[in-house]
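S.K.: Would you mind keeping the following structure in view while I ask a few things?
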Amino acid sequence: MKTGKLVVLGSINADHILNINHFPQPGETVIGKQYTVAFGGKGANQAVAAGRSGADISFIACVGDDDIGERVRKQLASDHIDTQPVEAIKETTTGVALIFVNAEGENVIGIDAGANSAVTPDYLARYKQQVINASALLMQLESPLETVIAAAKLAKENGTQVILNPAPACELPDELLSRVDIITPNETEAEKLTGIKVENNDDAARAAKALHDKGIATVIITLGSKGVWLSQNGEGKQVAGFRVKAVDTIAAGDTFNGALVTALLEGKAMDSAVRFAHAAAAIAVTRPGAQPSVPWRKEIDDFLTQQEA
């Protein structure tokens, strides 16, 4: 299937994952099980989700000059991603995420940026043609903020659509938000950006309006098991997700984002693209880990066929 070109700019981490019954309180030690190391990072997760969904994708990122960095690059290539703009930075380690997963499949995460800090505006400049030639640019906030702003500016100047998943949650300057076409915060991130606590659809509509007022045409607030609040040019509605038994939600949002942009680049209408992304995320949460949980295109299509049967 022919699609427009996608560029993802973002992070690469090695995820160290430990399953525990409950999150520890300060000073508390808890016994865990099923310790694993898997490839992650929000940028890489979203790139993998797009690659496995069928996107024509390249990835601008950095790994460390270490064994795990080389293994990550090989894995990304096997996921149908152009890794030419993924460089190994000398005397630097690949980014690391330390992740606790509780019995409900929820997670808490701590991150050391490592080589992700090397994705500077100068680094971006070496690969600016990738952004210029792309139909869409997908970003998150685990890369230096000045690079995200520079990439959004470059994209806007060259007619490349800008999709921002504003995670991890932080306040963002209007200089960036005014250049975003589609934004995909969860409830926590939406509150951080707007000051509006999202507890119901009315709250989501008010938060979406605040983001529209910043110049963003499409706001998609992800609501976990409740689906998303989709607001386009001020017209909002809830789009329900699929009910599944969650095992691990680590890469659910990233899978949603990668699949959503892939579907939009294929020319799907927004409602259909959201449904496709919901299906991809629903499959992901039934599996442990970040990238190991991300489904391939056939799995998503089969899941949707089963839902419609």
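The values are calculated or read from the model by the stated rules, or taken from the named source; none is laboratory data. Small disclaimer: the values here were computed from a predicted structure and weren't measured. As a convention, Cβ positions derive from the backbone with ideal geometry for all residues, glycine included, and neighbour counts pool all protein chains shown. Quick note on the areas: whole protein, heavy atoms, side chains included, nothing else; ligands and nucleic acids left out. Shrake-Rupley method; radii C 1.70, N 1.55, O 1.52, S 1.80 Å.
S.K.: Looking only at segment 243-259, how many residues end up being over 30 Å from R206 (Cβ atoms) and open to solvent by 20 Å² or more (accessible area, probe 1.4 Å)? Give the derivation first.
M.R.: Residues of segment 243-259 that are over 30 Å from R206 (Cβ atoms), as a first pass: 245, 247-248.
Remaining after also requiring open to solvent by 20 Å² or more (accessible area, probe 1.4 Å): 245, 247.
Here the count works out to 2.
S.K.: Would you check which residues across segment 1-17 are at pLDDT below 95, open to solvent by 10 Å² or more (accessible area, probe 1.4 Å) and of a type in the set (D, E, K, R) and list them?
M.R.: Result: K2, single match.
S.K.: Of all residues in segment 285-305 being modelled with pLDDT under 95 and in a helix (DSSP H, G or I), which is nearest to the chain's Cα centre (by Cα)?
M.R.: Q291
S.K.: Could you count how many residues in segment 201-239 are open to solvent by 40 Å² or more (accessible area, probe 1.4 Å) and at pLDDT below 95?
M.R.: So the count comes out to 6.
S.K.: Restricting to segment 18-74, and then to whatever is outside any loop (DSSP other than H, G, I, E, B) and of a type in the set (D, E), can you tell me which residue is most open to solvent (accessible area, probe 1.4 Å)? Break it down stepwise before answering.
M.R.: Taking segment 18-74 as the starting set, the residues that turn out to be outside any loop (DSSP other than H, G, I, E, B) are 18-19, 33-40, 42-53, 56-64, 67-74.
In the following step, the residues that additionally are of a type in the set (D, E) were identified as 56, 67, 70.
Details: D56: 73, D67: 105, E70: 82 Å².
Going through the qualifying residues, I end up with D67.
Let's see how each residue does on (1) in contact (Cβ under 8 Å) with a residue 12 or more places away in the chain; (2) under 25 Å from T218 (Cβ atoms); (3) aromatic (F, W, Y); (4) open to solvent by 60 Å² or more (accessible area, probe 1.4 Å):
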residue	(1), (2), (3), (4)
G241	yes, yes, no, no
V261	yes, yes, no, no
L265	yes, yes, no, no
A273	yes, yes, no, no
A280	yes, yes, no, no
V285	yes, yes, no, no
G289	yes, no, no, no
S293	yes, no, no, no
E299	yes, no, no, yes
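S.K.: Something else: Considering every residue within segment 151-167, establish whether at least one is over 17 Å from the mean Cα position of the chain (by Cα), at pLDDT below 95 and not in a strand (DSSP E or B). Give the steps one after another, and end with the answer.
M.R.: Filtering segment 151-167 down to residues over 17 Å from the mean Cα position of the chain (by Cα) leaves 153-160.
Now drop any that are not at pLDDT below 95, which leaves none.
Among the residues of segment 151-167, not one is over 17 Å from the mean Cα position of the chain (by Cα), at pLDDT below 95 and not in a strand (DSSP E or B), which makes the answer no.
S.K.: Could you please find all residues in segment 180-231 being small (G, A, S), out of contact with any Lys or Arg (no Cβ under 9 Å at 6 or more places or on another chain) and closer than 17 Å to A273 by Cβ?
M.R.: Of everything in segment 180-231, those that are small (G, A, S), out of contact with any Lys or Arg (no Cβ under 9 Å at 6 or more places or on another chain) and closer than 17 Å to A273 by Cβ turn out to be A217, G227.
S.K.: Where the second residue is among the aliphatic types (A, V, I, L, M) and open to solvent by 70 Å² or more (accessible area, probe 1.4 Å) and the first is over 13 Å from L223 (Cα atoms) and in a strand (DSSP E or B) and lies in segment 181-208, which pairs have Cβ atoms under 6 Å and are six or more apart or on separate chains?
M.R.: Listed by first residue and then by second, the contacts come to nothing, as the list is empty.
S.K.: Considering each residue of segment 120-143, count those that are assigned to a loop (DSSP other than H, G, I, E, B) and open to solvent by less than 30 Å² (accessible area, probe 1.4 Å), and give that number. Steps first, please.
M.R.: Keep residues of segment 120-143 that are assigned to a loop (DSSP other than H, G, I, E, B), which gives 120, 127, 134-135, 140-143.
Imposing the further condition that a residue be open to solvent by less than 30 Å² (accessible area, probe 1.4 Å) reduces the set to 127, 134, 140-141, 143.
So the answer is 5.
S.K.: So I220 passes all but one of these: (1) farther than 23 Å from I57 by Cα; (2) assigned to a strand (DSSP E or B). Which condition number does it fail?
M.R.: Of everything listed in (1) farther than 23 Å from I57 by Cα; (2) assigned to a strand (DSSP E or B), I220 misses just condition (1).
S.K.: Every residue in segment 93-119 that is β-branched (V, I, T) and either open to solvent by less than 40 Å² (accessible area, probe 1.4 Å) or outside any loop (DSSP other than H, G, I, E, B) (or both), please. Reasoning before the result, please.
M.R.: The initial filter retains those residues of segment 93-119 that are β-branched (V, I, T), namely 93-94, 96, 99, 101, 108-109, 111, 119.
Correct list: T94, V96, I99, V101, V108, I109, I111, V119.
S.K.: Could you list, in sequence order, the residues of segment 166-200 that are closer than 18 Å to E142 by Cβ, surrounded by 18 or more Cβ atoms within 10 Å (Cβ to Cβ) and small (G, A, S)?
M.R.: Within segment 166-200, A167 is the sole residue that qualifies.
S.K.: With respect to A50, is the statement that it is touching a residue at least 60 places away in the same chain (Cβ under 8 Å) and under 15 Å from the mean Cα position of the chain (by Cα) true?
M.R.: On the way: touching a residue at least 60 places away in the same chain (Cβ under 8 Å): yes; under 15 Å from the mean Cα position of the chain (by Cα): yes.
Answer is yes for this residue.
S.K.: Hey, H80 hits all of (1) without any contact (Cβ under 8 Å) to a residue 12 or more places away in the chain; (2) under 18 Å from the mean Cα position of the chain (by Cα) but one; which does it fall short on?
M.R.: (1)
S.K.: Looking only at segment 26-50, count how many residues are modelled with pLDDT under 95 and polar (S, T, N, Q).
M.R.: Residues in segment 26-50 being modelled with pLDDT under 95 and polar (S, T, N, Q): 2 in total.
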